[in-house]
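I have placed the structure first, in the form of structure tokens, so that the comments after it can refer back to it.
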Protein chains: 2
Amino acid sequence: MAEKSSSTRVPVNFGILVFPTFQALDAFGPLDILNMLARDFPMNLSIISRTLDPVSTKHRDPSLNPLGSNFGESIVPTHDFSNAPPLDVLIIPGGFGVRADDLDPTIDFVRRTYPSLKFVLTVCTGSWIAARAGILDGRQATSNKRSWANTKVVGPDVKWVSHARWVMDGNIWTSSGVSAGMDATHAFVQEVYGREQAEKIAAELEYERHEDPSWDPFAEMYNLPKEGI
Amino acid sequence: MAEKSSSTRVPVNFGILVFPTFQALDAFGPLDILNMLARDFPMNLSIISRTLDPVSTKHRDPSLNPLGSNFGESIVPTHDFSNAPPLDVLIIPGGFGVRADDLDPTIDFVRRTYPSLKFVLTVCTGSWIAARAGILDGRQATSNKRSWANTKVVGPDVKWVSHARWVMDGNIWTSSGVSAGMDATHAFVQEVYGREQAEKIAAELEYERHEDPSWDPFAEMYNLPKEGI
């Protein structure tokens, strides 16, 4: 049986999925928290994409960049879907790219990798990829609040929680939009590595974290009905 | 005379300096705010480093990674110091790499680029690079709070403000540690592009920003005396 208890062994092998037009802070907020954690625990990070080419945050479709900005950042994958190593934790960021029509290999990777994972963390519309992989069916989960109506269409069998900074259901953590990934990741660190570790990292990053998963002024800002609670 | 007024023309050409062992969130917090802004304004980003090789957040010295973690992210530069285009705004992140002994070309780039810039934004110990370039002399500025004693040594002629989330003095914005860069960048957007724009981006990123530059529980956490205020 796969190792599932976080108390007996902490995760070692982390992976993050990246795809064109991912949201930078969805990825680098959680990653920088884990960068700090990796000084206190032996940890490996695989950056996984469809190919080993650098992956940019930029829009691929010029019509989605009507002002012609040339503004974005590229991250270098370490593995593709064919050679990614066994993972304990998979992080799935969101971003405009989750709406692309060529995401099937990415979704397949999540579907086939999930059974051997200890934990999954999605940020923002990264939850759409998890939902399309079927791993959220029947679970409570949350997502970005501005795209809430679409989220419910993408994951009709998910118990979406509308007012939540993050939701943990079993071994899957889902967070609300972009910045919420940093609160969810601190909460994950607290759950798995202890409060002291989470507080140490927040102090080093000078980050004032939200510790209440039900804190969600953005659900109110976007006038979402209270669902899934 | 160089254009200095932000009210007559908004910045177009942004650059960020990256160097080995930069702090990921120092860079990607501000950049993701600007990624959003670039949908509403035509903007260009240059990612500038000593060479065009990917630049990693990892420690270069194995003795600084005693547990042998293999954890970090690499960003792809678009320009090196010899071919960087004219810039309106330069962002300087911090991180452990500011302590490296091969930073002189990086500091020289800041020194020679500064006169033609409209704005500089430093995050965390990115202020050390700005201080070593001499562009903070006689100005109020802030920096990461955990390294405060060293900051004062690096910039003996800077009016360091110990209790500050960020400081704006003339056209230079300096922020406190890591996460503070996101508050400083929202404040910069508010100053240059208006409050509505800053609020729009914060809502999209689901980011609860600190709007008071004197908010600084971390200065208190690290027991810093009140200096420079």
(request) Please work out which residue of chain B brings its Cβ closest to the axis of the rotation superposing B onto A, and round that distance to whole Å. (result) B:PHE28, 2
(message) Under the convention of a label 7 Å out along Cα→Cβ, give the distances in nm from A:ILE229 to the same position in every other copy, shortest first.
(response) 3.7
(request) Could you list the square roots of 5 times each eigenvalue of the Cα gyration tensor of the protein assembly as shown, that is, the equivalent ellipsoid semi-axes, sorted largest first and rounded to whole Å? (result) 34, 24, 22
(request) List every residue whose amide H lies under 5 Å from the amide H of A:VAL12, counting only residues 5 or more places away in sequence or on a different chain, with H placed 1.01 Å from N in the peptide plane. (result) A:ASP88
(message) Please report the accessible area of B:TRP215 (heavy atoms, 1.4 Å probe, ligands and nucleic acids excluded) in Å², nearest 10.
(response) 60 Å²
(request) Mind scanning A:LYS200/A:LYS226; A:LYS58/A:LYS152; B:LYS58/B:LYS159; B:LYS200/B:LYS226; B:LYS58/B:LYS118; A:LYS118/B:LYS200 and naming the pairs with a C-alpha gap bigger than 29 Å? (result) A:LYS200/A:LYS226; B:LYS58/B:LYS159; B:LYS200/B:LYS226; B:LYS58/B:LYS118; A:LYS118/B:LYS200
(message) Placing +1 on the Cβ of each Lys and Arg and -1 on the Cβ of each Asp and Glu in chain A, which of A:THR57, A:TYR193, A:LEU90 has its Cα farthest towards the positive end of the resulting dipole?
(response) A:LEU90
(message) I want to verify a result. In a Gaussian network model of chain A, Cα cutoff 10 Å, which of these has the top mean-square fluctuation: A:VAL12, A:VAL161, A:VAL89?
(response) A:VAL12
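How much FRET efficiency would the formula 1/(1 + (r/R0)^6) give for B:ASN223 and B:ALA100, where r is the Cβ-Cβ distance and R0 is 22 Å, rounded to 0.05?
Details: r = 28 Å, r/R0 = 1.29.
Computed FRET efficiency for B:ASN223 and B:ALA100: 0.20.
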(request) Within 10 Å of each Cβ in peptide A:74-84, how many partner chain Cβ atoms are there on average? Round it to a whole number, please. (result) 2
(request) Report the residue, chosen from B:SER63, B:SER147, B:SER179, that carries the largest GNM mean-square fluctuation when chain B is represented by alpha-carbon nodes joined by springs under 10 Å. (result) B:SER63
(message) Compute, for the range A:1-151, the length of the dipole vector about the Cα centre, with Cβ point charges of +1 (Lys, Arg) and -1 (Asp, Glu) only. Units Debye, rounded to 20.
(response) 360 debye
(message) From the phi angles alone, apply the Karplus equation (6.51, -1.76, 1.60; θ = phi - 60°) to the range B:137-143 and give each ³J(HN,Hα) in whole Hz, x where the residue is Gly or Pro.
(response) 4, x, 9, 6, 7, 9, 6
(request) Name the most mobile residue of B:GLY155, B:GLY170, B:GLY15, meaning the one with the largest mean-square fluctuation, in a Gaussian network model of chain B with Cα contacts below 10 Å. (result) B:GLY170
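Taking beta carbons within 10 Å but only from partner chains, what does the mean come to for residues B:18-26? Provide the component values of the computation, followed by the final result.
On the way: counts 1, 0, 0, 0, 0, 6, 11, 12, 3.
Whole-number average of other-chain Cβ neighbours for B:18-26 is 4.
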(request) Place a +1 charge on the Cβ of each Lys and Arg in the protein assembly as shown and a -1 charge on the Cβ of each Asp and Glu, then give the dipole magnitude about the Cα centre in debye, rounded to the nearest 20. (result) 180 debye
(request) Kindly provide log₁₀ I(q)/I(0) values, in the same order as q = 0.10, 0.15, 0.16 Å⁻¹, from the Debye equation applied to equal alpha-carbon scatterers of chain B. (result) -0.42, -0.99, -1.14
(message) Using C-alpha positions alone, give me the convex hull volume of the range A:6-66 per residue in cubic angstrom.
(response) 104 Å³
(request) For the range A:67-80, take each phi angle, set θ = phi - 60°, evaluate the Karplus expression 6.51 cos²θ - 1.76 cosθ + 1.60, and give the result in whole Hz per residue in order, putting x for glycine and proline. (result) 8, x, 4, 10, 9, x, 10, 10, 10, 9, x, 9, 9, 10
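What shape does the range A:165-220 have by the C-alpha gyration tensor, where a ≥ b ≥ c are the square roots of the eigenvalues, rounded means a/c under 1.5, and otherwise prolate means a/b greater than b/c and oblate the rest? Don't skip to the answer; put the middle values down first.
Working: a/c = 2.25, a/b = 1.28, b/c = 1.76.
Oblate, since a/c reaches 1.5 and b/c is not below a/b.
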(message) If each DSSP helix of 4+ residues adds -39,500 (n - 2.57) and the sum is divided by the residues in chain B, what number results at 222 nm, nearest 500 deg cm²/dmol?
(response) -8500 deg cm²/dmol
(message) Checking buried surface per residue: for the range A:151-184, which residues lose a minimum of 10 Å² accessible area in the protein assembly relative to the chain alone (1.4 Å probe)?
(response) A:ARG165, A:GLY177, A:VAL178, A:SER179, A:MET182
(message) Using a 1.4 Å probe on the protein heavy atoms only, what accessible surface does A:CYS124 show? Give it in Å² to the nearest 10.
(response) 10 Å²
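Cβ under 14 Å from B:ASP137's Cβ, B:ASP137 left aside: what net charge do those residues give with Lys, Arg +1 and Asp, Glu -1?
Numbers: positive: B:ARG111, B:ARG132, B:ARG139, B:LYS152, B:LYS159; negative: B:ASP157, B:ASP169.
Result for the local shell: +3.
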(message) Apply the a/c threshold of 1.5 to the C-alpha gyration tensor of the range A:91-146 and tell me whether it is rounded, prolate or oblate.
(response) oblate
(request) Answer rounded, prolate or oblate for the range B:105-229, using the Cα gyration tensor with square roots of eigenvalues a ≥ b ≥ c: rounded when a/c is under 1.5, else prolate when a/b is larger than b/c, else oblate. (result) oblate
(message) Quick query: amide H of B:LEU121 versus all other amide H atoms, modeled in the peptide plane; which residues come in under 5 Å with a sequence gap of 5 or more or a different chain?
(response) B:LEU90, B:ILE91, B:ILE92, B:TRP173
(request) Tell me the distances, shortest first, between A:ASP169 and the same position across the other copies, using label points 7 Å along Cα→Cβ, in nm to one decimal. (result) 5.3
(request) Return the percentage of antiparallel bridges among DSSP beta bridges fully within chain A, rounded to the nearest 5 %. (result) 25 percent
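Tally Lys/Arg at +1 and Asp/Glu at -1 over every other residue whose Cβ is under 12 Å from the Cβ of B:TRP160; what's the total?
Working: positive: B:ARG139, B:LYS145, B:LYS152, B:LYS159, B:LYS226; negative: B:ASP137, B:ASP157, B:ASP169, B:GLU227.
Charge balance in the 12 Å sphere: +1.
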(message) To check you understand DSSP bridge types, tell me what percent of the beta bridges within the range B:1-115 (both residues inside) are antiparallel, rounded to 5.
(response) 15 percent
(message) Net charge within 13 Å of A:ILE91 by Cβ-Cβ distance, Lys/Arg positive one each and Asp/Glu negative one each, not counting A:ILE91 itself?
(response) -3
(message) For a quick check: with amide H placed at 1.01 Å from N, whose amide H comes under 5 Å from A:TRP160's, ignoring anything fewer than 5 positions away on the same chain?
(response) A:ALA141
(request) Using a cut-off of under 16 Å, list every residue of the range A:44-86 whose amide N is near the label point 7 Å from the Cα of B:LEU52 along the Cα-to-beta-carbon line. (result) A:54, A:74
(message) To check you understand DSSP bridge types, tell me what percent of the beta bridges within the range A:107-229 (both residues inside) are antiparallel, rounded to 5.
(response) 45 percent
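The values are calculated or read from the model by the stated rules, or taken from the named source; none is laboratory data. Note that the structure is predicted; figures quoted are calculated from it, not measured. As a convention, Cβ positions derive from the backbone with ideal geometry for all residues, glycine included, and neighbour counts pool all protein chains shown. SASA here: full protein model, heavy atoms, side chains in, ligands and nucleic acids out. Shrake-Rupley method; radii C 1.70, N 1.55, O 1.52, S 1.80 Å.
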